[in-house]
Amino acid sequence: MNAKIKNQPGRPRSVEADRAIHRATLELLAEVGYERMSIEAIASRAGVGKTTIYRRYNSKEELVADAIESRREDVEIPDTKNFWSDIDLIIASATQMTLDPLGRQIVALIISTASNNPQFAQVYWARYLQPRRQAFAAVIAQAKSRQEIAADIDADLVFDLISGIMLYGLVFPPTNESYQAYVRRAVGLVVKM
């Protein structure tokens, strides 16, 4: 009977409630961490009922992944017709959200939570990382077709390596160059002609 109720059309979801839920989730993540955060606390801070949250999300992991994703822009596949221009756009987009204080806290929480919670790690992988990995693979494929990079480059491996460099640079910022220049230089070492 519950499934019937969920499938029946009802009033549209409130965009304001969605925003309040996301904001409350991110604030509580930063204040108390994933493990100590509860749906009840999120609902209270957002000014909504628990049922409002449970109608939208099947789990806390799904809610947290969605709240994190709400801070991100849509995944776009740049195609400037130049590999390095495309890479610069990807780096700029990735760093825009992670270099501010809340972005840094979110990255730290993602790493610590995913390390200890396989369900969260899987949801985050599917909802956030996989779409970005696919977009990056498209950029690599475009560059291969233009013969700007070697045809045998493994796009998934390059994505993983660059993601690791980006995380390392957040924890230990480069001292001799900007973060963006550091990541770009790393891409150059990984992607040889």
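The values are calculated or read from the model by the stated rules, or taken from the named source; none is laboratory data. Predicted model only: the values in this text are computed from it and were never measured. Heads up, the Cβs are rebuilt from the backbone with ideal geometry, glycines too, and the neighbour counts pull from every protein chain shown. For accessibility, only protein heavy atoms count, side chains too; no ligands or nucleic acids. Shrake-Rupley method; radii C 1.70, N 1.55, O 1.52, S 1.80 Å.
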Top positive-direction residue, dipole computed over the chain with Cβ charges, set 123, 107, 145 = 123
Once every DSSP H run of n ≥ 4 in the chain is given -39500 (n - 2.57) and the sum is divided by its residues, what mean residue ellipticity at 222 nm do you get, rounded to the nearest 500 deg cm²/dmol?
-> -21500 deg cm²/dmol
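Over the chain, what is the relative contact order in whole percent, taking alpha-carbon pairs under 8 Å and six or more residues apart?
On the way: 142 pairs, mean separation 39.4, N = 193.
After rounding, I find 20 percent.
Just to confirm the filter: which trypsin sites (Lys or Arg not before Pro) across the range 49-89 are DSSP coil and have at most 11 other Cβ within 10 angstrom of their Cβ?
81
Given charges of +1 on the Cβ of Lys and Arg and -1 on the Cβ of Asp and Glu, with all other atoms neutral, how large is the dipole of the chain about its Cα centre, in debye to the nearest 20?
On the way: 24 positive and 23 negative charges, 139 e Å.
Its charge dipole is roughly 660 debye.
Name the trypsin sites (Lys or Arg not before Pro) in the range 125-191 that are in a loop by DSSP and that have at most 15 other C-beta atoms within 10 Å, would you?
Numbers: sites: 127, 132, 133, 144, 146, 184, 185; in loops: 146.
Filter output for the range 125-191: 146.
What is the percent carbon and sulfur in the accessible area of the chain, measuring with a 1.4 Å probe over the protein chains and ignoring ligands? Walk me through the numbers before you get to the answer.
Values: 6110 of 11310 Å².
Carbon and sulfur together cover 54 percent of it.
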Would you list which aspartates and glutamates come within 12 Å of residue 50, measuring only between C-alpha atoms, while excluding same-chain residues fewer than 8 positions from it?
-> 40
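What accessible area per residue, rounded to a whole number of Å², is obtained for the range 45-193 using a probe radius of 1.4 Å? Mind showing how you got there, number by number?
Working: 8140 Å² over 149 residues.
Ligands and nucleic acids excluded, the result is 55 Å² per residue.
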Relative to the first principal axis of the alpha-carbon coordinates of the chain, what is the inclination of helix 15-32, with its axis defined by its Cα atoms, in degrees from 0 to 90 and to the nearest 10?
-> 80 degrees
Using only Cα atoms, tell me the angle between helix 60-70 and the longest principal axis of the chain; keep it within 0 to 90° and round to the nearest 10.
-> 50 degrees
On a 0 to 90 degree scale, rounded to 10, what angle separates helix 101-116 from the longest Cα axis of the chain?
-> 80 degrees
Expressed in angstrom and rounded, the centroid-to-centroid distance over alpha carbons for the range 160-181 and the range 48-126 is 18 Å
Assign one of three labels to the chain, namely rounded, prolate or oblate, based on the Cα gyration tensor with a ≥ b ≥ c the square roots of its eigenvalues; rounded applies when a/c is under 1.5, prolate when it is not and a/b is larger than b/c, and oblate otherwise.
-> prolate
May I ask for the longest run of the chain untouched by GluC sites (Glu not before Pro) that are loop-located per DSSP and have at most 15 neighbouring C-beta atoms (other than their own) within 10 Å?
-> 77-176
